[in-house]
Amino acid sequence: MSELGTVTATPSGTPQGTILSPVLANVALSVLDRHFETTWRAYGAAPRRVRLRAKGQATFRCIRYADDFLILVAGTRDQAEAIKKQTAELMAEQMRLTLSPEKTAITHVDDGFDFLGWRVKRMPRPGRAPVAITFPSDRALGDIKHRIKTLTKSNMVNLSLDELIRALNPKLRGWTNYHRHGAAKRCFGCLSYYLWWRVIRWLRKKYPHLTWKQIKRRYWGRDWTSPEGRRLHWPAEVPVSRYRGRRNPSPWAAPGTGQATTRPETAVA
């Protein structure tokens, strides 16, 4: 529907970021969910999956969010390649979709992979079992830095400090709330450092005839607030609350899904 209220054809697809785009992806890719769920249920309980892997067979499971999905494979790279080929054939035959060569990759969990703005990597621990660490990906960090830089360029000095803070805070709050459940404390500290310098440089461009001490005295309060009383949302002050894994299946999981107890060696993203 156009701005004037008329209905027009959209041969190019749905707009990026609208609610219709993930809804259509969920409808179309539900076939993929049923395929992998049927395969997972056929494995049976955990002891049977262990016996299958001992015989050299691979076990795998799919994790999907809208049109992004990840296949966790406990097996060799050749087996992951075969699963990738089977998935591509299934999507082509039943959904008329193709995998993007640029966005589809096979990687080892020790090398890490990016998924939904996160970097997931298994790290060794001396004397203990290795553990998977999740932290913000380089691309996600680069995106929020780009947004900060766009708002603090020299062509934005027409804004007041209060208007700049009002423009920055929603973006900072949304990004930090999304990433605060991972190993992101150090990343938040680096982002706060970058934010501080960008705002300081913006103030120096806005008031080129004032010294730094004059700018701080006139336009920053004792707790780093604007003259109107608005304060920047500093990422370093956001508390990090890590999600903890559950050994038992979640009571909110779908019937029969359970919880994966395998340690996947390969991921197809």
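The values are calculated or read from the model by the stated rules, or taken from the named source; none is laboratory data. Just so you know, these numbers come straight off a predicted model, no measurement behind them. Methodologically, a virtual Cβ is constructed for each residue, glycine included, from the backbone with ideal geometry; neighbour enumeration extends over all protein chains shown. Quick note on the areas: whole protein, heavy atoms, side chains included, nothing else; ligands and nucleic acids left out. Shrake-Rupley method; radii C 1.70, N 1.55, O 1.52, S 1.80 Å.
Our estimate of slack between residue 171 and residue 7, defined as 0.36 nm per intervening residue step minus the Cα-Cα distance, is 55.8 nm.
Say the cut-off is 24 Å between C-alpha atoms; which of 149/216; 121/171; 185/206; 149/171; 149/205; 84/145 go over it? The answer is 121/171; 185/206; 84/145. Ordering 127, 98, 154 by Cα displacement along the dipole of the range 66-154 toward the positive end leaves 154 in first place; charges were set at the Cβ atoms of Lys, Arg (+1) and Asp, Glu (-1). Among 19, 215, the sequence by solvent-accessible area, most first, with a 1.4 Å probe is 19, 215.
The 1.4 Å probe gives accessible areas that order 138, 114, 67, 33, largest first, as 138, 67, 114, 33.
Of the accessible area of the range 61-157, with the probe set at 1.4 angstrom, what percent is carbon plus sulfur? Write down the numbers at each step before the final one.
Values: 3130 of 6060 Å².
Carbon and sulfur atoms account for 52 percent of the accessible area of the range 61-157.
Loop-located trypsin sites (Lys or Arg not before Pro) across the range 21-94 with a Cβ neighbour count of 15 or fewer within 10 Å are 55, with loop assigned by DSSP. In this structure residue 118 has an accessible area near 40 Å², from a 1.4 Å probe over the protein heavy atoms. Estimated at the nearest 10 Å², the accessible area of residue 72 is 40 Å² with a 1.4 Å probe. Distance between the 7 Å Cα→Cβ label points at residue 63 and residue 82: 2.5 nm. Computed from phi, the 3J(HN,Hα) profile of the range 119-130 under the Karplus parametrisation 6.51, -1.76, 1.60 (θ = phi - 60°) reads 9, 10, 8, 8, 10, x, 10, x, x, 9, 5, x Hz, with x in place of Gly and Pro.
Calculated FRET efficiency, residue 230 to residue 116, Cβ-Cβ distance, R0 = 30 Å: about 0.45 to the nearest 0.05. Here the extension length gained between residue 98 and residue 147 equals 14.4 nm, from 0.36 nm per residue of separation less the Cα-Cα distance.
Starting from 0.36 nm per residue, how many nanometres of slack lie between residue 162 and residue 18 once their C-alpha separation is accounted for?
48.9 nm
Residues 194, 43, 65, 178, ordered by accessible area of protein heavy atoms at a 1.4 angstrom probe radius and largest first, appear as 65, 178, 194, 43. Check cross-link reach from residue 85 to the lysines: straight Cα distance under 16 Å, and skip same-chain residues fewer than eight apart. Reachable lysines: 103.
So what is Rg over Rh here for the range 19-113, counting just Cα atoms and using Kirkwood for Rh? Taking Rg over the Kirkwood Rh, I get 0.98.
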